[in-house]
2 protein chains.
Amino acid sequence: MAKLTSRATDYSKWYNELVVSADLAENSAVRGCMVIKPYGYAIWEKMQAQLDKMFKETGHQNAYFPLFVPKSMFEAEEKNAEGFAKECAVVTHYRLKNDPENAGKLIVDSDAKLEEELVVRPTSEAIIWSTYKNWIQSYRDLPILINQWANVVRWEMRTRLFLRTTEFLWQEGHTAHATKQEAIDETVQMLHVYADFAENYMKLPVVKGVKTDSERFAGAEDTYCIEALMQDGKALQAGTSHFLGQNFANAFDVKFTNKDGQQEYVWATSWGVSTRLMGALIMAHSDDHGLVLPSTLAPIQVVIIPIYFNDEQKNQIDETANHIVNQLKEKGISVKYDNDDKQKPGWKFAEYELKGVPVRIGLGPRDLEKGQAEVARRDNLSKEFLPIANLSDDIPLLLEDIDASIFEKALEFRNSHITEVNSWEEFQQVLEEKGGFLSAHWDGTAETEEKIKELTKATIRCIPLDAQNENGKCILSGNESSKRVLFAKAY
Amino acid sequence: MAKLTSRATDYSKWYNELVVSADLAENSAVRGCMVIKPYGYAIWEKMQAQLDKMFKETGHQNAYFPLFVPKSMFEAEEKNAEGFAKECAVVTHYRLKNDPENAGKLIVDSDAKLEEELVVRPTSEAIIWSTYKNWIQSYRDLPILINQWANVVRWEMRTRLFLRTTEFLWQEGHTAHATKQEAIDETVQMLHVYADFAENYMKLPVVKGVKTDSERFAGAEDTYCIEALMQDGKALQAGTSHFLGQNFANAFDVKFTNKDGQQEYVWATSWGVSTRLMGALIMAHSDDHGLVLPSTLAPIQVVIIPIYFNDEQKNQIDETANHIVNQLKEKGISVKYDNDDKQKPGWKFAEYELKGVPVRIGLGPRDLEKGQAEVARRDNLSKEFLPIANLSDDIPLLLEDIDASIFEKALEFRNSHITEVNSWEEFQQVLEEKGGFLSAHWDGTAETEEKIKELTKATIRCIPLDAQNENGKCILSGNESSKRVLFAKAY
């Protein structure tokens, strides 16, 4: 195994190498599309299972809507259409035929041109709201609380594994409500669900906030977001929840009869997280040895590796190891005993380090004699000897401790990288030398926001939900401001 | 609620009405694509969960491959390409732009034409084997045992909800092996997994068999299948498992170094089931009142409906019902207490009958006095009074009994609809008057098979794996035959 480029040398290269060498994903032969490999997909499945549980606990049901959106439907909500039109894959034909000039080759059959082109969904508001129109007549039909797990396509010019790919996997919630307040409450509720998931399962601290007008989802009235910080000081938008107002109800003429017998347009939300979370998880915690995973999302939580020099030793270790495996499995821990004799222990140690398995248990003949095992933590690479007899009690506690430490470390890093800056000079200097979130006053105009982006590449990540009222001067224009916002360079 | 058309009146109409009125799925605004509604999707999720478990227990892992297949890759395996070319959705452009002649409308941007067209996957052998090429060098890299849950698109001219749709959801397993025998064993193993799932979870008896040359999957050496019988006497192919030989390894030049250091082409299988299984489940068991679901796949296994005339009664029933709910939940039963007072009990009875909830418990004031509840089975519509105190013991047994009965009924129907026929006259008569599977001798030629299809619309569903050797004469040509095959009209 070749060593990874270190984070300090080239963070971006480190990330790309790590994703590939830890068998998480790779680029495919299709421009901008990735192959998610089994180990990466296993992590995504754990994310899905937990999120799905949280969605269902908050009253949502899953459903499935078509991959294709007819162009006329796609363009109905103008802002949404405008926002996505430039990155749409378009299906124009429904048949291939033999190439008469090239045996064994196929060409598009020009006789099979669609009357109306189909857009491969970049997001599903249009197709879903055209469907909801038929489902909603009265207030009794509301709310509709639906989520969909699906693939979407956005034709990105510059792609990176997990972080920005032409096709990606995600979930998109689409809800319909009788009142504005109920829709806003739903939007905020789902933001909290995402923050809860990020902090308690990904062990990733996030800032909850609202996007500025220019960073808002196309077609939304308000976009709420959770923003995380990566180890290189760049921010990453980890999830968004949109209050869509009555925009889609207007576009698709979706009205309901309220309790007073009057017709009103329906209120909407949508919210989503994607395989981008994989990128966030990887970049937030991992180190120069490889992945670091919290036990909450690790496909393998504990690996046991035998160290032996002859068959008799191997048999003894097998017996002890299998006993430990059974005890841990009873506690609901996913454990792998790797007694494959084609690889040496040293190779295995490095392999499971690379793959981020939270706990490694080493078992040698001497350990057995002493009734102890060498237990190594992946997060801080520390090792200790623990009595074999106590492992089934000690390991669950150790996993909890590892998860808490991973979160604490990320939280400390994040908190130490939110810097209050009060002048343009300071802004530039901190952004350049330290990175992270810059908490600064802004005059509230799109012009200033755009100018700061042009000058520094920093964008307003969000107006934090817990931002305090504080009078100040915009760091660029010097105009009045009533609260600080968070700037950062971002993925 | 309007009554369903009866099966006897118009089976096809009954099916279409049932799918829509039981809230399983509906046609979308996109030609041939369906919307899977929450109740239908909940059944599909239960199918997925069980199949996924069975795939993992047999050593498979999930992964994800791109939605798009470049045309040059798609055409590499010629037979596969030929088989699917006529039903491919093709992406030719990656951008829309404003229509200069029509404000607010979009048109395809002709400047954004792809150099190479992308086919929306109708199946993923091509994209997956072009990926496997990079994963396989030595026998140590084999076997590869991967499954994918995905959407696929086949441009069908005549579509029906679940049974045949342009886009559908499925799983596709794609495995790579060092030897022919290992690949054949995998193909057969997965056929047995499908049969096990169909019989034990869908409660649907199936015939395991092999397809004839003309019914084989495009690009396969052998296609194994499970065939089920619907209540109208038509057969439905419920799952297929393909031995692909070295066809895709040849097409994509995928070789491995064997233990003797020699290069060999890799052996392949693929296998899949789809949302078509929903159609099979619905058509196999349901009746003129609505869906009939086995408890193994029912999103709600038990519904409790209160019958009361005043608030005091309601409160008493609520208390008892909540107690029953908790007891049943402890036993792992999914139970719903429907005390919504916007609907009358009679409406609820019909609604849950339509939705196929296996057991309905009715609770009225008199029942409470007597310590009993009215328990109704959905499968045979029988009712009995059971002591409330014993429900937590009785209901699990009742659900088992219902599941067994549903299977038995379907098995009896299927077995009584496999008819041995020995002449062309008999063949036509039984096909016309009774339907079902016709067990008949066939001379083994594609010509005869084709002619029978033309004359009667019946196709050879499979050569059953357990077919006995028996000398006979082909029912059409009179030529020699050594075993019977199963004919039927099919979905």
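Side notes on the structure shown:
Residue by residue, here is whether (1) open to solvent by less than 10 Å² (accessible area, probe 1.4 Å); (2) in contact with a Cys (Cβ under 6 Å, 6 or more places away or on another chain); (3) of a type outside the set (S, T, N, Q); (4) more than 22 Å from B:ALA488 (Cβ to Cβ) holds:
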| site | (1), (2), (3), (4) |
| --- | --- |
| B:ARG164 | no, no, yes, no |
| B:THR179 | no, no, no, yes |
| B:VAL193 | no, no, yes, yes |
| B:MET202 | yes, no, yes, no |
| B:GLY219 | yes, no, yes, yes |
| B:TYR224 | no, no, yes, no |
| B:GLN231 | no, no, no, no |
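- Residue satisfying all of: in the stretch B:92-121; acidic (Asp, Glu) and part of a strand (DSSP E or B); nearest to A:SER72 (Cα to Cα) among these: B:GLU117
- Hits in the stretch A:133-181 (condition: in a helix (DSSP H, G or I) and away from chain B (no Cβ under 13 Å)): A:LYS180, A:GLN181
- The number of residues in the stretch B:279-323 that are among the small types (Gly, Ala, Ser) and in a helix (DSSP H, G or I) comes to 4.
- The listed residue being open to solvent by 40 Å² or more (accessible area, probe 1.4 Å), without any contact (Cβ under 8 Å) to a residue 40 or more places away in the chain and more than 13 Å from every other protein chain (Cβ to nearest Cβ), out of B:ALA2, B:ALA103, B:ALA49: B:ALA2
- If the condition is being in contact with a Leu (Cβ under 8 Å, 6 or more places away or on another chain) and of a type in the set (S, T, N, Q), then the stretch A:89-106 contributes A:THR92, A:ASN98.
- Restricting attention to the stretch A:304-328, the residues that are surrounded by fewer than 13 Cβ atoms within 10 Å (Cβ to Cβ) and either in contact with a strand residue (DSSP E or B) (Cβ under 8 Å, 6 or more places away or on another chain) or among the acidic types (Asp, Glu) (or both) total 3.
- Residues (free of Cβ contacts under 8 Å to residues at least 24 places away in the same chain and open to solvent by 50 Å² or more (accessible area, probe 1.4 Å)) located in the stretch A:21-46: A:ALA29
- Just one of the listed residues (A:LEU391, A:LEU368, A:LEU363) is closer than 30 Å to A:LEU4 by Cβ and open to solvent by less than 50 Å² (accessible area, probe 1.4 Å), and it is A:LEU363.
- Qualifying residue in the stretch A:125-132 (condition: of a type in the set (Phe, Trp, Tyr), at the interface with another protein chain (Cβ under 9 Å from one of its Cβ atoms) and surrounded by 18 or more Cβ atoms within 10 Å (Cβ to Cβ)): no
- For the stretch A:257-284, the set of residues classified as hydrophobic (A, V, I, L, M, F, W, C) and surrounded by fewer than 21 Cβ atoms within 10 Å (Cβ to Cβ) is empty.
- A:ALA350 at negative phi and open to solvent by 20 Å² or more (accessible area, probe 1.4 Å): yes
- Top-ranked residue of the stretch B:53-94 - restricted to ones that are more than 7 Å from chain A (Cβ to nearest Cβ) and of a type in the set (Gly, Ala, Ser), ranked as surrounded by the fewest Cβ atoms within 10 Å (Cβ to Cβ): B:GLY59
The values are calculated or read from the model by the stated rules, or taken from the named source; none is laboratory data. Since this is a predicted model, take the numbers as computed values, not measurements. Neighbour counts run over all protein chains shown; Cβ positions are idealised from the backbone, glycine included. For the accessible areas, the whole protein counts, side chains as well, though only heavy atoms, and no ligand, DNA or RNA atoms are used. Shrake-Rupley method; radii C 1.70, N 1.55, O 1.52, S 1.80 Å.
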